[in-house]
Structures are given as structure tokens and as C-alpha cells.
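Chemist: My questions all concern the structure below.
The values are calculated or read from the model by the stated rules, or taken from the named source; none is laboratory data. Just so it is clear, the structure is predicted and the values come from calculations on it, not from any experiment. We place every Cβ from the backbone using ideal geometry, glycine too, and count neighbours over all the protein chains shown.
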């Protein structure tokens, strides 16, 4: 996210991550999981069909909290803890 309204101090250099960086943004892996398991190889007749399929996939996923946890886990993100 960027804005021209930010007054950036001279001693700070922003580092912007790539737009698609699953290792930095675990939600990217959630979308990949949804596509891979419930939303791929489908043809939709209408926009509402797309929304319905996405909502159904989301409901299936949230019914599996252990899956969400496993998708979002990063070995390097656990300091002093075991996952």
C-alpha cells in the first residue's frame, strides 16, 4: 500500500514485498487451497454462480479449522516455540 500523503522520515527506507509473495502473506495459500480443492475446473453461468461457489468453498474451509492452521503455518515464523 502506498500513499502520497505519507511523510516518510529520511532515515527510513521502505521495502515493498512482491505483489504475490505467499511466504510473506499466508492468505495467498488459503486462496490457492480454495482454488485447488473446490474452485478449479469449473464453468459458471452467471456472476451469482461464482459468488455461490466461492461462498460454498469458504464455508467448507471454515468448517476445517485444523486445515486453516496447517495452511498458514511457517516453520521460520516460530521463534522459541514448536508449531
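Chemist: Write out, first by first residue and then by second, each pair whose Cβ atoms fall under 6 Å of each other, whose residues are 6+ apart or on separate chains, and whose first residue, in the stretch 38-53, is farther than 20 Å from residue 64 by Cβ while the second is part of a loop (DSSP other than H, G, I, E, B).
Modeler: Qualifying pairs under 6 Å: 50/44.
Chemist: In addition: Just for the stretch 16-57: of the residues that are in a loop (DSSP other than H, G, I, E, B) and at pLDDT 80 or above, which one is surrounded by the most Cβ atoms within 10 Å (Cβ to Cβ)? Even if it seems obvious, please write down each step before you answer.
Modeler: Taking the stretch 16-57 and keeping what is in a loop (DSSP other than H, G, I, E, B), we get 16-26, 40-46.
Keeping just the survivors that are at pLDDT 80 or above gives 40-46.
Values: 40: 8, 41: 5, 42: 10, 43: 5, 44: 13, 45: 7, 46: 8.
Ranking the qualifying residues of the stretch 16-57, first place goes to 44.
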